[in-house]
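Asker: Quick one: this structure, given as structure tokens, is what I'll be asking you about.
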Amino acid sequence: LVQLKRYRAIEERRKEIILKYNEGLKDLPVSVLNHFAPGNVSSGHLYLVRVKGKNREQCNEIIDYMARDGIATNVHYKPLPLLSAYKNMGFDIKDFPNAYLMFENEITLPLHTKLTDEEVDYIIARFRKYAGE
């Protein structure tokens, strides 16, 4: 309940960061989740980037490079058939090609309200260096 009092400020800061990311990445070979469209507004709790022309291994390398530069990125929504428990039950990712397509080149950039503008600029610069290669 306490967080609800701050929710508008949290939402506004996330929007500022999202807009900075959108501007900073607009000329890269990436696609991003559209958070703001007519009739559609996101809470902006994740910034998902799909790196066009890269596979999972190449995206994992970008994640490693970012980590070496002190930036914790992530992959969200790993398809269930890739998890051991589901593999052990006989699920095979080959039976879920769309799920894999959504996973194979996705990287999630940091998006939290404690990020400063300077940190966001640093994240953009590092991501541009690695994803733009």
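The values are calculated or read from the model by the stated rules, or taken from the named source; none is laboratory data. Just so it is clear, the model here is predicted, and its values are computed rather than measured. Positions of Cβ are generated from backbone atoms using ideal geometry, with glycine treated the same way; all protein chains shown enter the neighbour counts. These accessible areas exclude ligands, DNA and RNA; they are computed on the full protein's heavy atoms, side chains included. Shrake-Rupley method; radii C 1.70, N 1.55, O 1.52, S 1.80 Å.
Asker: Round to a whole angstrom and tell me the spacing of the C-alpha centers of segment 102-125 and segment 1-49.
Answerer: 11 Å
Asker: Tell me the mean residue ellipticity at 222 nm calculated for the chain from its helices only (DSSP H runs of n ≥ 4, each -39500 (n - 2.57), averaged over every residue, nearest 500). Spell out each step's value before the answer.
Answerer: Working: 5 runs with 64 residues, N = 133.
So the calculated ellipticity at 222 nm is -15000 deg cm²/dmol.
Asker: How far apart, in nm, are the 7 Å Cα→Cβ label points at Ser43 and Arg68?
Answerer: 3.6 nm
Asker: A further question follows. From the cross-link list Lys26/Lys94; Lys26/Lys114; Lys5/Lys114; Lys20/Lys114; Lys94/Lys129, which pairs have alpha carbons spaced over 26 Å apart?
Answerer: As for pairs spanning more than 26 Å Cα to Cα, those are Lys26/Lys94; Lys94/Lys129.
Asker: So how many Å³ per residue does the convex hull of the Cα atoms of segment 12-126 work out to? Each step should come with its number before you reach the end.
Answerer: Working: hull volume 15.1 nm³, N = 115.
Taking the convex hull of the Cα positions in segment 12-126, it is 132 Å³ per residue.
Asker: Let me ask something else about it. Starting from the Cα of Val2, step 7 Å along the direction of its Cβ; do the same at Met102; then give the gap between the two resulting points in nm.
Answerer: 3.5 nm
Asker: Sticking with this structure for a sec: Counting only heavy atoms of protein chains, what accessible area per residue, in Å², does the chain have with a probe of 1.4 Å?
Answerer: 64 Å²
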